[in-house]
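Participant: The following block contains the structure, expressed as structure tokens.
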Amino acid sequence: MNETNQKRMENIAHVLSEVSNLNMTDMFILLALLKNSKITNSELAKILDFKDGNSAAYHTRSMQKEGLIDKYTIIPNWKRAGLPTEFIILADADGYVTVMLYKDYPNIKEEDIAGITKIIRNNAVKVGIKDVPIIFTLDEHIKPATGDWPALPSYSLKYRPIIGGIAMTTTNGTIGQVGSVGFAAERDSDNQKGYVTAGHVSFWSSGIQAYQPLPGVGNESGTSSLIGSDSDVAFVPYDNVVGKIHVGGGYTIDVDGYYSGGITSMYLQRSGCVSGVELGDYEAVLTGVTIRGQYMDKVEVMDNECQQGDSGGPVYYTYYGRNKVVGIISAYGTYNNADVTFYIPCSEVTSKLDVTPLEA
């Protein structure tokens, strides 16, 4: 971020922090994530003159815990910041403050516009900005700000048959979501083939259109048919699948069955479209927990945290050259004061979705 853009964002953050529940630092970080959700904690720390990325991570995680932002889709909940802003986003562009009124916001009145104008001008004066030119525009409701396509190049290719670990997207109206395919599976009740992914990648809903890799004609890859009760799992029926996992660079490994979950001393691997292949020890099993606002009957923990876009990807264990699926990636968090990945064990995937992983 160049010095001019940073100063503009600081001014906007200052104005908004004066009329919201957020301090200027949190507001600046929120605006930075809207501009580029891929910005790292280290980059934020450098901009904010923090000691290291852990300080920036503290602020982002605090906002996640408060429900202001979501790890997977950077859509600010402005009301939690104390702003009646279902219809307002501020952006400084070439000396102007632009106010975007959402087209789907009901009954926008002249007094709404007058009130917004007063707030901006009164608070702009506090940071030395006079005679603020304000532009009002209409726009669609804000979409997830994922920045550039986040997936690694080899994970972003179109794969048919569909395999585990590769990039996928789903759409729900005007909102899109990036995730990873978990593994190929077969529904036990009728032998319908398909694949599993995280429930939140499918917006916790059935009937969500999936694509691989990106939305577009010819990239359709099924429609979610079932979301697991009290678990972060979804099944997408799709005939053209195979029991393999992508491990980067176009290479794949065969799926040779599955374990119900991890066990003590198991050294796990996971493959997601943003992080690629990462290794980590099995840490624990947790029951009856709430993650990202959703109650989960059972989750397991491996060290080494995942990233946005890895959700749904496979967690697996390799032993004497045989690769067995252990679960699918759900979320990141902290366990025993360490950054970890939470994953849904295969016992939950198979029982909640009534499926069995396919072998190669």
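The values are calculated or read from the model by the stated rules, or taken from the named source; none is laboratory data. Note that the structure is a prediction, hence the values are computed from the model and not measured. Here the Cβ is made from the backbone with ideal geometry for all residues, glycine too, and neighbour counts use every protein chain on show. Ligands, DNA and RNA are excluded from the accessible area calculation, which covers all protein heavy atoms including side chains. Shrake-Rupley method; radii C 1.70, N 1.55, O 1.52, S 1.80 Å.
Participant: Does ASP26 satisfy the condition of being open to solvent by 20 Å² or more (accessible area, probe 1.4 Å), within 30 Å of THR171 (Cα to Cα) and at pLDDT 75 or above? Spell out the reasoning first.
Facilitator: Numbers: open to solvent by 20 Å² or more (accessible area, probe 1.4 Å): yes; within 30 Å of THR171 (Cα to Cα): yes; at pLDDT 75 or above: yes.
Judged against the criteria, ASP26 is a match.
Participant: State all residues of the stretch 313-341 that are open to solvent by 20 Å² or more (accessible area, probe 1.4 Å), of a type in the set (Phe, Trp, Tyr) and either part of a strand (DSSP E or B) or over 22 Å from ILE253 (Cα atoms) (or both); if no residue qualifies, say none.
Facilitator: Answer for the stretch 313-341, where residues must be open to solvent by 20 Å² or more (accessible area, probe 1.4 Å), of a type in the set (Phe, Trp, Tyr) and either part of a strand (DSSP E or B) or over 22 Å from ILE253 (Cα atoms) (or both): TYR317, TYR319, TYR332, TYR335.
Every residue, every condition in (1) in contact with an Asp or Glu (Cβ under 8 Å, 6 or more places away or on another chain); (2) open to solvent by 10 Å² or more (accessible area, probe 1.4 Å); (3) under 15 Å from GLY182 (Cα atoms), yes or no:
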position: TRP204; (1), (2), (3): no, yes, no
position: GLY207; (1), (2), (3): no, yes, no
position: TYR211; (1), (2), (3): yes, yes, yes
position: GLY216; (1), (2), (3): no, yes, no
position: SER224; (1), (2), (3): no, no, yes
position: SER231; (1), (2), (3): yes, no, yes
position: VAL241; (1), (2), (3): no, yes, yes
position: ILE253; (1), (2), (3): no, yes, yes
position: TYR258; (1), (2), (3): no, yes, yes
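Participant: Just the residues that are in a loop (DSSP other than H, G, I, E, B) and either buried (at least 18 other Cβ atoms within 10 Å of the Cβ) or on the phi > 0 side of the Ramachandran plot (or both), please, taken from the stretch 260-290.
Facilitator: Taking the stretch 260-290 first, the residues in a loop (DSSP other than H, G, I, E, B) are 260-266, 273-275.
Answer for the stretch 260-290, where residues must be in a loop (DSSP other than H, G, I, E, B) and either buried (at least 18 other Cβ atoms within 10 Å of the Cβ) or on the phi > 0 side of the Ramachandran plot (or both): GLY261, GLY262, SER265, CYS273, VAL274, SER275.
Participant: Another question about this same structure. Please go through the stretch 291-312 and pick out each residue that is part of a strand (DSSP E or B), charged (D, E, K, R) and under 23 Å from PHE235 (Cβ atoms). Give the derivation first.
Facilitator: Keep residues of the stretch 291-312 that are part of a strand (DSSP E or B), which gives 291, 294-303.
With the extra rule that they be charged (D, E, K, R), the set shrinks to 297-298, 300, 303.
Once the filter is applied, which keeps residues that are part of a strand (DSSP E or B), charged (D, E, K, R) and under 23 Å from PHE235 (Cβ atoms), the stretch 291-312 yields ASP297, LYS298, GLU300.
Participant: Return a yes/no flag: does the stretch 152-160 have any residue that is closer than 24 Å to GLU359 by Cα, at pLDDT 95 or above, touching a helix residue (DSSP H, G or I) at 6+ places or on another chain (Cβ under 9 Å) and surrounded by 15 or more Cβ atoms within 10 Å (Cβ to Cβ).
Facilitator: no
Participant: Any residue in the stretch 41-68 that's closer than 25 Å to GLN294 by Cβ: show its pairings with residues that are among the acidic types (Asp, Glu) and open to solvent by 40 Å² or more (accessible area, probe 1.4 Å) at Cβ separation under 8 Å, as long as the two are six or more apart or on different chains.
Facilitator: If the second residue must be among the acidic types (Asp, Glu) and open to solvent by 40 Å² or more (accessible area, probe 1.4 Å), the pairs left are GLN64/ASP70.
Participant: Further question on the same structure: Of the residues GLY276, GLY293, which single one is more than 29 Å from ASN191 (Cα to Cα) and in contact with a helix residue (DSSP H, G or I) (Cβ under 8 Å, 6 or more places away or on another chain)? If you could, list the steps in order and put the result at the bottom.
Facilitator: Working: GLY293 fails: in contact with a helix residue (DSSP H, G or I) (Cβ under 8 Å, 6 or more places away or on another chain).
Step by step, each of GLY276, GLY293 is checked, and only GLY276 is more than 29 Å from ASN191 (Cα to Cα) and in contact with a helix residue (DSSP H, G or I) (Cβ under 8 Å, 6 or more places away or on another chain).
Participant: Out of VAL289, VAL285, VAL299, VAL349, I need the residue that is aliphatic (A, V, I, L, M), under 19 Å from GLY165 (Cα atoms) and either in contact with a strand residue (DSSP E or B) (Cβ under 6 Å, 6 or more places away or on another chain) or in contact (Cβ under 8 Å) with a residue 24 or more places away in the chain (or both). Which one? Working first, answer last.
Facilitator: Details: VAL289 fails: under 19 Å from GLY165 (Cα atoms); VAL285 fails: under 19 Å from GLY165 (Cα atoms); VAL299 fails: under 19 Å from GLY165 (Cα atoms).
When all the criteria are applied, what remains is VAL349.
Participant: Turning to a different aspect of this structure: Which of (1) more than 30 Å from ASN191 (Cα to Cα); (2) modelled with pLDDT under 95 does TYR319 not meet, given it meets every other one?
Facilitator: Exception for TYR319: condition (1).
Participant: Let me ask you something else. Cβ-Cβ under 7 Å, sequence separation 6+ or interchain: first residue in the stretch 204-227 and touching a residue at least 40 places away in the same chain (Cβ under 8 Å) and of a type in the set (Ser, Thr, Tyr), partner surrounded by fewer than 21 Cβ atoms within 10 Å (Cβ to Cβ) and outside any loop (DSSP other than H, G, I, E, B). Which pairs?
Facilitator: TYR211/GLU220; SER221/TYR211
Participant: Let me ask another. Of the conditions (1) crowded, with 17+ Cβ neighbours inside 10 Å; (2) closer than 20 Å to ALA331 by Cα; (3) touching a helix residue (DSSP H, G or I) at 6+ places or on another chain (Cβ under 7 Å), TYR195 satisfies every one except a single condition; which number is it?
Facilitator: Of (1) crowded, with 17+ Cβ neighbours inside 10 Å; (2) closer than 20 Å to ALA331 by Cα; (3) touching a helix residue (DSSP H, G or I) at 6+ places or on another chain (Cβ under 7 Å), only one is false for TYR195: (3).
Participant: Sticking with this one: Within the stretch 35-44, count every residue that is assigned to a helix (DSSP H, G or I) and surrounded by 18 or more Cβ atoms within 10 Å (Cβ to Cβ).
Facilitator: Within the stretch 35-44, the subset assigned to a helix (DSSP H, G or I) is 35, 41-44.
Subsequent filtering for residues that are surrounded by 18 or more Cβ atoms within 10 Å (Cβ to Cβ) retains 41, 44.
The number of residues fulfilling the criteria is 2.
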